[in-house]
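Remarks on the structure that follows.
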Amino acid sequence: MRIGRRVSVLAALLGFSVVAFCEPVPLPPGSGPVPALSEKVRVGAIVGAEQAELYRALLPPEVLDMAARGDLAFEAADVELPRPSSLTPAISPRLLDSGEIDGLPAHVEAPIFSAAASDMDPLSPAARGYRLLWNAEAIGWSQGAFSESLRISAFPSRKSEGRQLEVTFARAYPAALGSATAGSKALFRERIRFQSPSALLGLTWLSFRLPGRSDDYVWASSPVTFTVRQMAGSVRSDDMFPTGFAANDLHVWSGKIESVVPRKVDRTVVLVPVLADRVDLVRAGKEKCVSLPGNRPLVSLNAETRRYPPYPGWVPTNVRLVPRRAWRLELSSRDPYDLDAIQALYVDEETSLPVYRVAWGEDGALRKVVLGVVGFLGYENRELPWILGELVHSVSSASSLALRVTALELCSAPTPGNTLEDFDPAALSAAIDALKKGRAPDVAVAEGAPPESE
């Protein structure tokens with residue numbers, strides 16, 4: 001069975017190269033069904049534990065195991081999706097054998113490197129893998145800065161209704177914002193801040209990621225001890241709280257590219273979780289920013305809709321799994337303290353987004369399975385792929401977390417909230433001082449001069 005894809009006429013008129021991406025997606029013999037949706041066919045195949053085996057060739061084995069034991073259900077369907085506005089790079093920088101980009105540019109457009117099969121075939125597995133990882137990084141990097149409001153639903157067990165947490169996740173690329181010369185300072189600064197429940201208010205993680213083999217700089221502020229302390233970069237693979245998520249889980253994989261080695265890279269076909277309807281952003285409020293205002297998750301869960309009554313509350317219910325070409329990367333860590341010693345990362349070929357991640361510890365035991373939900377942001381005649389939700393499954397505790405975007409902002413210039421001062425250890429200290437005094441922390445502007453950037 002072959003699932004057709006219509007070539008975008010608009011893309012052809014604009015000169016985008018779509019040859020590598022408009023091939024039909026072949027389904028392995030005996031797999032499926034994956035119905036093509038139309039006006040007459042509105043619902044795909046509903047897949048639970050009894051039907052999971054039919055999709056063995058279309059899912060990562062660890063995801064199939066989740067479905068087979070009743071930890072996951074989904075709707076498999078073929079549906080036409082929006083196409084990213086940019087599919088091929090204009091000019092690509094030089095990629096070193098270490099995974100570093102030689103002469104890191106200040107600003108990039110996504111993708112940075114061609115990932116067409118014809119261009120990838122002559123390359124070594126490491127070169128292929130680094131291309132794919134940098135292309136994934138370029139999606140956020142090309143925006144300059146972004147911030148997300150996330151609703152996290154923690155499910156300690158299959159029967160749990162889920163405990164709710166609110167988190168803000170923000171990242172700024174200083175050079176892209178004109179705040180630093182290219183390659184001389186942090187590639188990005190990242191802040192993860194817990195907003196609720198009140199017991200976690202003040203818990204914040206701040207990371208600086210430097211280009212090259214240098215370790216990440218990480219600081220964490222505690223609302224319990226009222227302290228800010230610096231930690232090793234490897235803690236980004238540690239869970240932030242019991243049955244929690246790690247900083248590297250965000251956007252499916254937020255690890256440091258130069259700290260891993262791609263050992264094997266293969267092209268495959270997988271069912272990718274997607275939200276097919278375009279999400280329109282608006283230009284309002286801050287200049288040079290577009291946003292998705294609101295406070296409701298774009299991804300619905302079974303705990304809310306009860307679409308799949310026998311299944312856990314963490315199962316996404318308005319998401320379809322669509323057949324897509326993807327790359328499977330096997331990554332080994334260069335960091336002996338990284339809890340994710342070996343990882344398998346599945347990257348959607350057309351969007352460059354990581355869509356599945358499987359992690360094993362140093363002892364070879366399976367640690368974690370992550371599923372990402374691909375969405376499409378529309379603004380100013382652009383289509384930008386983005387991860388709008390995640391399911392993070394912890395194997396040892398048999399627990400899961402659902403991370404869902406409720407609001408989003410993309411900025412191409414420094415504005416209140418995404419200046420370097422907002423991503424500074426001094427801002428953490430100011431927020432902790434406010435908590436000590438019993439005031440709500442003023443987190444928009446850091447007090448005092450920022451330390452010298454690395």
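The values are calculated or read from the model by the stated rules, or taken from the named source; none is laboratory data. Remember, predicted model here, so these are calculated numbers, not experimental data. Cβ sites come from the backbone with ideal geometry, for glycine too, and all protein chains shown count toward neighbours. The protein model used for the area step is the full one, side chains on, heavy atoms only, and it has no ligands, DNA or RNA in it. Shrake-Rupley method; radii C 1.70, N 1.55, O 1.52, S 1.80 Å.
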Open item on the list: List pairs: first residue in the range 316-329 and closer than 13 Å to residue 63 by Cβ, second residue open to solvent by 30 Å² or more (accessible area, probe 1.4 Å) and basic (Lys, Arg) anywhere in the structure, Cβ distance under 9 angstrom, at least six positions apart or on different chains.
Closed with: 326/267; 328/264; 328/267
Task: Qualifying positions in the range 206-227 - surrounded by fewer than 20 Cβ atoms within 10 Å (Cβ to Cβ), touching a helix residue (DSSP H, G or I) at 6+ places or on another chain (Cβ under 7 Å) and of a type in the set (A, V, I, L, M, F, W, C) - done: 219, 226
Task: Among (1) open to solvent by less than 10 Å² (accessible area, probe 1.4 Å); (2) part of a strand (DSSP E or B), the one test that residue 46 misses - done: (1)
- [ ] Given the conditions (1) farther than 29 Å from residue 368 by Cβ; (2) assigned to a strand (DSSP E or B), report the number of the one that residue 75 does not fulfil.
- [x] (1)
- [ ] Please list, ordered by first then second residue, the pairs with beta carbon atoms under 8 Å, 6 or more apart or interchain, first in the range 51-66 and open to solvent by 10 Å² or more (accessible area, probe 1.4 Å), second of a type in the set (Ser, Thr, Tyr).
- [x] 54/31; 56/31; 57/31
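Is there a residue being of a type in the set (A, V, I, L, M), surrounded by 24 or more Cβ atoms within 10 Å (Cβ to Cβ) and out of contact with any Gly (no Cβ under 9 Å at 6 or more places or on another chain) anywhere in the range 292-315?
Residues of the range 292-315 of a type in the set (A, V, I, L, M): 292, 298-299, 301, 303, 315.
Of the ones still in play, those that are also surrounded by 24 or more Cβ atoms within 10 Å (Cβ to Cβ) are 301, 315.
The next check asks that each one be out of contact with any Gly (no Cβ under 9 Å at 6 or more places or on another chain); those that pass are 315.
Among the residues of the range 292-315, at least one is of a type in the set (A, V, I, L, M), surrounded by 24 or more Cβ atoms within 10 Å (Cβ to Cβ) and out of contact with any Gly (no Cβ under 9 Å at 6 or more places or on another chain), which makes the answer yes.
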TODO: Determine whether the range 185-193 contains at least one residue that is over 16 Å from residue 401 (Cα atoms), touching a Ser or Thr at 6+ places or on another chain (Cβ under 7 Å) and among the small types (Gly, Ala, Ser).
DONE: yes
- [ ] Report, by residue number, each residue of the range 105-121 that is more than 21 Å from residue 85 (Cβ to Cβ) and either touching a helix residue (DSSP H, G or I) at 6+ places or on another chain (Cβ under 6 Å) or open to solvent by less than 20 Å² (accessible area, probe 1.4 Å) (or both).
- [x] 120
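With the requirement that a residue be part of a loop (DSSP other than H, G, I, E, B) and at pLDDT 95 or above, what does the range 282-308 give you?
Result: 297, 298, 299, 300, 306, 307, 308.
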